[in-house]
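A short worksheet on the structure shown next.
Computed from the coordinates by the stated procedures, all read-outs in this text should not be read as laboratory data. Predicted model only: the values in this text are computed from it and were never measured. Glycine gets a Cβ as well: all are built from the backbone with ideal geometry, and neighbour counts include every protein chain shown.
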Amino acid sequence: MVSVAIIGASGMIGRTLAQTLIARGRLDELFLSDIRSSDIGGDGVHWVTGDAADPETIGLLVGFEPDVIFHVAATAMGQADSDFAIGYHINFDTVRTTVEAIRIAGNNYCPRLVHASSIGVYGAPFPALIDEAARPRPDSSYGTQKLMSEAIIADYARMGFLDGICLRLPTIAVRPGQATHGNSGFFSNIIREPLEGRRALLPASDDVRHWLASPETAVAQLIHAANIDGRIAPEARALVMPGISLTVEVLLSALAERGGEDLLSLIDRSQPPIYGPQDFPACFSAKTARKMGFPLLEEKAVDFIDGFLRHRFKA
């Protein structure tokens, strides 16, 4: 990579991605875009602030003709499903604007576009193992928006306007920041909040199993996608990323192991549980992504706690 752009650079993944790329020191220029800028800066770092669904904003960004464009702008499933218009605006309109800006740029410009998609494209009922042959069938607006984004990127790639790849990322844990409510946010809440001395709501039963990866793994996977040699094969334009299949019970045991049994007293349980095992995809094969060398930085549940503690102390 020589020049890189990140759309959604002020978000959790975008910020970590930008900091990682800067730390590696292998870029000539880094173009960052979001509705508002952050404190990330330095030599060769340029901000383009504005709405990523605004053609003028993204046209300006694409006008610099970065070799790689990361699209990681998104709103979570909870907001995407509760605020229908905002969900489509952030999760799909920004992608549509980006690919169209690339198409009309001219000059034979054809960047690698790496998009942060999600396992949310799969809907219930979930088999015990979701393999490569499983057909995405979202049961949420969020999942629909992600699947639409995958489809339009694949079509623009088919036409030769860009070289796109969409990573169906696992649920990310442990997310820094404030507690989030609804859907899979509790997988982060039940670790982060007790470690910060705050109470957390657990709306799921202990036997709920889900596909997880850390923010650091997600960033490593995005960077790996940007560095794949040659043009992306059509069958590899949307891939489930490696993750770890963990139950709530195992995560809580890891929390107690690292932070002490007393932390478990800070967790309030919904009675009865709102979510059961049927509500979340438990495990994916991720066979193609593994063969392509996509990394996974976690091996066991305690790695998620250790990763969050490293991030907290570093901050």
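If you keep only loop residues by DSSP, which trypsin sites (Lys or Arg not before Pro) in region 175-255 have at most 15 other Cβ atoms within 10 Å of their Cβ? Qualifying residues, ordered by number: ARG198, ARG199, ARG231. Measuring between their Cα centroids, region 273-315 and region 75-138 lie 20 Å from each other.
The phi torsions of region 280-286, fed into the Karplus equation with coefficients 6.51, -1.76 and 1.60 and a -60° offset, translate into couplings of 9, x, 8, 7, 10, 6, 6 Hz, rounded to whole numbers, with Gly and Pro shown as x. When region 3-314 is described by a simple charge dipole with +1 on each Lys and Arg Cβ and -1 on each Asp and Glu Cβ, the residue from LEU264, ALA289, ALA254 located farthest towards its positive end is ALA289. Each Cα pair under 8 Å and six or more residues apart adds its separation to the average, and for the chain the resulting relative contact order is 17 percent.
For the chain, the longest principal axis of the C-alpha atoms and the axis of helix 141-158 are separated by about 30°.
List GLU235, GLU196 from most exposed to least, where exposure is judged by having the fewest other Cβ atoms within 10 Å. Before the final figure, lay out each step's value.
On the way: GLU235 9, GLU196 13.
The fewest-first ordering by Cβ neighbours comes to GLU235, GLU196.
Over all orientations, region 129-244 has a Cα convex hull whose mean projected area works out to 8.7 square nanometres. Each other residue within a Cβ distance under 10 Å of ILE35 adds +1 if Lys or Arg and -1 if Asp or Glu, for a net charge of -2. Per-residue Karplus couplings for region 297-309, computed as 6.51 cos²θ - 1.76 cosθ + 1.60 with θ equal to phi - 60°, are listed in order as 8, 9, 10, 8, 4, 5, 4, 5, 5, 4, x, 5, 5 Hz, Gly and Pro entered as x. Restriction of the GluC sites (Glu not before Pro) in region 242-315 to DSSP coil positions whose beta-carbon has at most 12 other beta-carbons within 10 angstrom yields GLU299. So if the hydrodynamic radius of region 39-173 is defined as the Kirkwood radius over C-alpha pairs, what does Stokes-Einstein give as its diffusion coefficient at 20 °C and 1.002 mPa s, in µm² per second? After rounding, the answer is 135 µm²/s.
Placing unit charges on the Cβ atoms only, positive for Lys and Arg and negative for Asp and Glu, gives the chain a dipole magnitude near 380 debye about its Cα centre. Treating each Cα of region 262-312 as an identical point scatterer and summing with the Debye formula, the log10 of I(q)/I(0) at q = 0.12, 0.27 Å⁻¹ comes to -0.53, -1.06.
Please state, to two decimals, what the Cα-based radius of gyration of region 3-314 comes to when divided by 2.2 N^0.38 Å (N = residues).
On the way: Rg = 19.1 Å, N = 312, 2.2 N^0.38 = 19.5 Å.
It is 0.98.
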